[in-house]
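Student: Dropping the structure in here first, questions after.
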Amino acid sequence: MPESAPEWHLASLVVRHRPDAIAALAVAIEGADGLELALQDDTRSVLLQESNGTAGLMDNIGLIESVPGVYAVNLVYHHIEAQASADAATPAPAHAPREPLR
């Protein structure tokens, strides 16, 4: 079975929580790999996650769900890009350069 190409994942999460969960949520975010706080009010937070696979994303969702006072963690966006390997050839341009206008 061929080895799969490395991937880069970008995701956003909306977290619903009690106001008294903010401090514990901040500690969890600080200790999580690739997770950062984008926006927050008393009962909602928007988190951004970057990782090299779905395992990191799922681990951090589980971590945030386990914070006391968190009601729900919803994945609202998930983008995946295949990463070129270090030894891959540089692709040719999609189109030829244009001649300057005279």
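Student: Report the full-extension gain for the segment Asp33 to Ser66: residue separation times 0.36 nm, less the Cα-Cα distance, to one decimal in nm.
Tutor: 10.3 nm
Student: Check Thr43: other-chain or 5+ apart residues with amide H under 5 Å from its amide H, H built from backbone geometry?
Tutor: Excluding prolines and chain starts, which carry no amide H, there are no hits.
Since every read-out is calculated from the coordinates, none of them should be taken as a lab result. This one's a predicted model, so the numbers in the text were calculated from it and none came from an experiment.
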